[in-house]
């Protein structure tokens, strides 16, 4: 059986959620949910971030840049994105790390119109 071909995707996501800090966005950048590890890492409660745009975790000069717009365009077009990104946690604390991000696409068809990323 190939990796990722399991029928119990929920169990795999639950296992990842116990060891990773994960956050979900819609393809316009609105926060859908985040796990407890992510909330702790960023210093927010889940209620404080659900429905808020990804930009709350970014510096204002990045949000105003063409690169930021291109980032969301790439995700909407089924592109995997990984790099070292700075996140701004609650209170302005900076957090820099590798943050892979992938939208929910398969075979060119959008499954659930969201992106999952590490916090």
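Among the residues of the range 45-61, those identified as touching a strand residue (DSSP E or B) at 6+ places or on another chain (Cβ under 8 Å) and either crowded, with 20+ Cβ neighbours inside 10 Å or in a helix (DSSP H, G or I) (or both) are 46, 49, 54, 56, 57.
With respect to being assigned to a strand (DSSP E or B), surrounded by 10 or more Cβ atoms within 10 Å (Cβ to Cβ) and either more than 16 Å from the chain's Cα centre (by Cα) or at pLDDT 90 or above (or both), residue 32 fits the description. Cβ-Cβ distances below 8 Å connect the following pairs, each with a first residue in the range 39-54 that is within 21 Å of residue 19 (Cβ to Cβ), a second residue that is at pLDDT 95 or above and buried (at least 18 other Cβ atoms within 10 Å of the Cβ), and a separation of six or more residues or different chains: 39/49; 42/49.
The values are calculated or read from the model by the stated rules, or taken from the named source; none is laboratory data. Just so you know, these numbers come straight off a predicted model, no measurement behind them. Using ideal geometry, Cβ is built from the backbone for each residue, glycine included, and neighbour counts are taken over all protein chains shown.
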